[in-house]
Amino acid sequence: KSRSSQKIIAKAPKQDRPSSNFNVQSLSFDNMVLTPRGNGVLNASVKYTPIAKNFDKTNDGKIVLRRIACDIVGATFKYKFFPKLSLPFLKKKGGFLDFLYMDNDIRITRGNLGGTFIHFRPEFLEKVMA
């Protein structure tokens, strides 16, 4: 028989895709990336600052960001039932993120190391994949 704590862990929902969640009020975002089999999760917390010279205004006054300065302020790794590990060596300052395209459903960005990231809102992805 398994212990009750193992049964609780087994019922926890398993993440099935990476995510990136922006919090505009706190000027931060959290990234979650999965290991190839989905057993491990790497989380990174990032603080960002809009760069004043890299934005435009539309005719109706909306601000369109082009680049934000990013500092990784925290990172953790969790694998299966093992305890969460803090990864202080992943904290980095001085990065940036360029917004290549953004609308209400899709965001395409490029990081300072050249990685291109495409993010969809979950509802939009489910609708497109149906």
* Please tell me the relative contact order of the chain in percent, rounded to the nearest whole number, where contacts are Cα pairs under 8 Å and at least six residues apart. => 14 percent
* Pairs 47/127; 47/78; 57/127; 80/127; 47/84: which are spaced more than 28 Å apart, C-alpha to C-alpha? -> 47/127; 57/127; 80/127
* Structure fact -> Amide H neighbours of residue 112 at under 5 Å, excluding residues fewer than 5 places away on the same chain, with H built from the backbone geometry, are 96
* Structure fact -> Which of [x] 49, 42, 27; [y] 66, 41, 27; [z] 53, 30, 27 is the computed Cα extents along the principal axes in Å? It is [y]
* To do: Compute the distance in nm between two label points, each set 7 Å from the Cα along the Cα-to-Cβ direction, one at residue 52 and one at residue 21.
  => 3.3 nm
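Computed from the coordinates by the stated procedures, all read-outs in this text should not be read as laboratory data. Source: prediction; values computed, not measured. Here Cβ is always computed from backbone atoms with ideal geometry, including for glycine, and neighbour counts include all displayed protein chains.
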